[in-house]
2 protein chains.
Amino acid sequence: MVSTEFLPGLASPVLGRSVPMDPDAAHGLALRLKALADPVRLKLLDHLLVCPSQEDCTCNLAPLVQLSEPTVSHHLKKLQRCGFLTKERRGMSVYYRVSPRAIDAVAGALRVG
Amino acid sequence: MVSTEFLPGLASPVLGRSVPMDPDAAHGLALRLKALADPVRLKLLDHLLVCPSQEDCTCNLAPLVQLSEPTVSHHLKKLQRCGFLTKERRGMSVYYRVSPRAIDAVAGALRVG
DNA sequence: CCACCTCTTTGACGATTGTCAAGGTGGTGC
DNA sequence: GCACCACCTTGACAATCGTCAAAGAGGTGG
């Protein structure tokens, strides 16, 4: 893990754009793709996107993916650091919510057809 | 690595589609994302997309990313196994070429906005 | 205050990954 | 045949990753 800070925004589309991709763009896109490249994290994102309230807390997410809470917390943090999730504390619970634009930015960077 | 065979095709869009994503879809998409989630492999794909002939061989790609030929061969194999690259032997050289549709399929699976 | 609940951090562990050196395969040309 | 070139495979290594148990941090309610 490079840093605990959020990653900088994804600088416009990058793959196959006539000008060779610069190393920082490759590194940044790779970090984001790595954050998405895990079945558990995909399942968590998918659940948060399809569930009625569009948000959920760790104690509900852990049984959903059948993993311990610390492990789920770790996955959520990874997604959050890339801007794919936001979190909000309300009372005792912490509610996570997807940031669709951050995910679409990655999808857009891959679009090449 | 699960298998030396090609992965099956990506079964239509998967993320945030009102029906919860099934485990196989999550696993399959994660494998493809993992194959893309490396700066070297992104650089290789980008080069093959922007270079005039749209194809190149290992001996040209290795110096491009400043890695040994075996290492580049390993990366190319990983991309090939997910259908992102095709290879074709002509004479002594092996020419690699991008399959844009395979990459777009992943981009489409991520599109969620 | 204390008991309790939710969540995160830390430390450890095995599994996976990216890399290279060494050796093997396949094709070219003398 | 042999020498050579491009490429791939194998085996090893350090680094990273996913996981959990244990302990800490933050908030609720008696």
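The values are calculated or read from the model by the stated rules, or taken from the named source; none is laboratory data. Nothing here was measured: the structure is a model prediction, and the numbers come from that model. Backbone-built Cβ (ideal geometry, glycine too); neighbour counts: all protein chains shown. Accessible surface is based on the protein model in full, side chains and every heavy atom, while ligands, DNA and RNA are left aside. Shrake-Rupley method; radii C 1.70, N 1.55, O 1.52, S 1.80 Å.
Once both labels are positioned 7 Å from their Cα atoms along Cα-to-Cβ, the gap between A:L67 and B:M92 label points is 4.8 nm. The long axis of helix A:39-50 is offset from the longest Cα principal axis of chain A by roughly 70 degrees. Taking every DSSP helix (H) stretch of at least 4 residues in the protein assembly as shown, weighting each as -39,500 (n - 2.57) and dividing the sum by the residue count yields a mean residue ellipticity at 222 nm of -16000 deg cm²/dmol. Of the solvent-accessible surface of the protein assembly as shown, computed with a 1.4 Å probe and all protein chains present, 55% belongs to carbon and sulfur.
Reducing segment B:49-113 and segment A:62-113 to their Cα centroids gives an inter-centroid distance of 30 Å. Heavy-atom accessible area buried between chains B and A is around 2900 Å² (1.4 Å probe, both sides summed).
Close Lys pairs in the protein assembly as shown (alpha-carbon distance under 12 Å; sequence gap of 8 or more, or different chains): 5. Between the helical axis of A:100-110 and the longest alpha-carbon principal axis of chain A there is an angle of about 30 degrees. Please label the shape of the protein assembly as shown as rounded, prolate or oblate, based on the square roots a ≥ b ≥ c of the eigenvalues of the alpha-carbon gyration tensor (a/c under 1.5 means rounded; beyond that, a/b larger than b/c means prolate, else oblate). Prolate.
Under 5 Å from the amide H of A:R97 lie the amide H atoms of A:T86, each residue being 5 or more positions distant or on a separate chain, with H modelled from the backbone and absent for Pro and chain starts. With R₀ set to 22 Å, the beta-carbon distance separating A:R101 from A:H27 gives a calculated FRET efficiency near 0.55. The residues of segment B:23-110 expose, per residue, 45 Å² of accessible area to a 1.4 Å probe. Overall, the anisotropy analysis places segment A:43-97 in the rounded class: the square-rooted eigenvalues a ≥ b ≥ c of its C-alpha gyration tensor yield a/c less than 1.5.
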